[in-house]
Amino acid sequence: MADIYSALSGKLYVAVSGVVPNSMKDMPDFLVSNNTAKIAIGAYNYLIDNVLIEGSAVTGITVGSGTITAAKYATIKLEISENATITAGTKSASHTTAAQALADIPNTTANKMSMGYYVIKSAALTVTTLGTTKLSETIAVAATAMITFYEEFDRAYVADWRGNVSFTNAVETVDWVGQDIMPSGSIAVGMNAEMNISEMIFRPDSLRKFWGATHNPVDSLKGKADSNADSWKITADMRPIPLQLLFAFTNSETGHDEQIYCPAGKAMQMPFTFGSKDFSVQDLGFKLFMDSNREFLYYFKDKG
């Protein structure tokens, strides 16, 4: 029998206002450490082969090396190695605007994972020497450079899926029939776009990202006291969170990479099955909304 799925399996990435990088569960808080050329981050959690690793707060991370021309911008990634060593990545070139610097974010160093990235604006009349110049999160004047932290979209890995992603776009119309039985014309008055996927297996933090569930990575199972369990608290006050969605997969028939991107969507229902199945969610649906450009779905396919 032929394979009924052309897109056999893939990964789902999502972005919210606070985006989690690849295999990160809880983004740490980023701060300038004591107005020096250092970065401090709060406690965080990340996943290695789906095993939860707890990362401790760190102070005194050097912002990077090199210089940034006066009144110019540069971007740098904050990276973590397999043994949880956090360092600054390679600096971009100096650019006139923050937008240009953001478009020139350097790639993550091999065998490391990005925890996010930051933009540094050099002082108006002073070249910024990274690692020595004072930094501020609010202003860039005199010998002080301004630093702004960001988090990544395309590293927000929340689920694996298999089957096909299906898309429906139902248009509501007003029809007129005149003196005939069959409609002789219509006008579109509404549109309802939805995306569905048949089977998924979620990363541990997905309930928090889709629905705002309260997540505790160091809870205890009832009757145990080891504080080594994940828990999620579901309340009546939770609401579906607006998300960006990126379905990435390799087509099993053609071998080509494909992606489906939706700039705004909500998981309107979460039909979880608790048990021994690897893929435990059936027919998960996302309601799609348009962005500021009136666009709501992109389909990308590698020509090969």
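Here Tyr5, Tyr46 are screened, and the one residue that is at pLDDT below 70, of a type in the set (Ser, Thr, Tyr) and more than 23 Å from the chain's Cα centre (by Cα) is Tyr5. Of the listed requirements (1) closer than 30 Å to Ala267 by Cα; (2) touching a Ser or Thr at 6+ places or on another chain (Cβ under 7 Å); (3) surrounded by 15 or more Cβ atoms within 10 Å (Cβ to Cβ), Tyr150 misses just one: (2). Please verify whether segment 66-79 includes one or more residues that are on the phi > 0 side of the Ramachandran plot and small (Gly, Ala, Ser). Yes, segment 66-79 contains a residue that is on the phi > 0 side of the Ramachandran plot and small (Gly, Ala, Ser). As a summary of the residue check, Ile120 satisfies the conditions (1) in a loop (DSSP other than H, G, I, E, B); (2) buried (at least 19 other Cβ atoms within 10 Å of the Cβ) except for the one numbered (1).
Inside segment 116-154, residues that are touching a helix residue (DSSP H, G or I) at 6+ places or on another chain (Cβ under 9 Å) and more than 22 Å from Leu12 (Cα to Cα) make up a count of 4. Of all the numbered requirements in (1) in contact with a Gly (Cβ under 8 Å, 6 or more places away or on another chain); (2) aromatic (Phe, Trp, Tyr); (3) modelled with pLDDT of 80 or more, Phe167 misses one, and that requirement is (1). For residues that are at pLDDT below 90 and among the basic types (Lys, Arg), scanning just segment 92-149, find the one that is farthest from the chain's Cα centre (by Cα). So the residue we want is Lys134. Per this entry, Ala188 is not counted among residues that are modelled with pLDDT of 80 or more and in contact with a Leu (Cβ under 6 Å, 6 or more places away or on another chain).
A quick yes/no check of all residues on (1) crowded, with 16+ Cβ neighbours inside 10 Å; (2) in a loop (DSSP other than H, G, I, E, B); (3) among the basic types (Lys, Arg); (4) at pLDDT below 75:
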site: Asp237; (1), (2), (3), (4): no, yes, no, no
site: Leu245; (1), (2), (3), (4): yes, no, no, no
site: Phe249; (1), (2), (3), (4): yes, no, no, no
site: Glu253; (1), (2), (3), (4): no, yes, no, yes
site: Tyr261; (1), (2), (3), (4): yes, no, no, no
site: Ser276; (1), (2), (3), (4): no, yes, no, yes
site: Leu284; (1), (2), (3), (4): yes, no, no, no
site: Ser292; (1), (2), (3), (4): no, yes, no, no
site: Gly304; (1), (2), (3), (4): no, yes, no, yes
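Would you call Thr133 surrounded by fewer than 15 Cβ atoms within 10 Å (Cβ to Cβ) and among the β-branched types (Val, Ile, Thr)? When the stated conditions are applied, Thr133 does not pass them. Evaluate the following for Glu194: is it touching a Gly at 6+ places or on another chain (Cβ under 8 Å) and without any contact (Cβ under 8 Å) to a residue 24 or more places away in the chain? For Glu194, the condition - touching a Gly at 6+ places or on another chain (Cβ under 8 Å) and without any contact (Cβ under 8 Å) to a residue 24 or more places away in the chain - is not met. Regarding segment 53-73, can at least one residue be identified that is charged (D, E, K, R), in contact (Cβ under 8 Å) with a residue 40 or more places away in the chain, assigned by TED's automatic domain parsing to the domain that holds Leu135 and in a strand (DSSP E or B)? The answer is yes; a qualifying residue exists. Taking segment 75-115 as the range and being touching a helix residue (DSSP H, G or I) at 6+ places or on another chain (Cβ under 9 Å) and in a loop (DSSP other than H, G, I, E, B) as the test, the residues that pass are Ser92, Ala93, Ser94.
Considering each of Gly89, Gly64, Gly10, Gly55 in turn, give the residue that is within 29 Å of Leu245 (Cβ to Cβ) and at pLDDT 90 or above.
Values: Gly64 fails: within 29 Å of Leu245 (Cβ to Cβ); Gly10 fails: at pLDDT 90 or above; Gly55 fails: at pLDDT 90 or above.
When all the criteria are applied, what remains is Gly89.
All told, Ser94 meets the bar of being touching a Ser or Thr at 6+ places or on another chain (Cβ under 6 Å), farther than 21 Å from Gln244 by Cβ and not assigned by TED's automatic domain parsing to the domain that holds Leu207.
The values are calculated or read from the model by the stated rules, or taken from the named source; none is laboratory data. Here the structure is a predicted model, which means the values were calculated and not measured. Cβ: placed from backbone, ideal geometry, glycine included. Neighbour counts: every protein chain shown.
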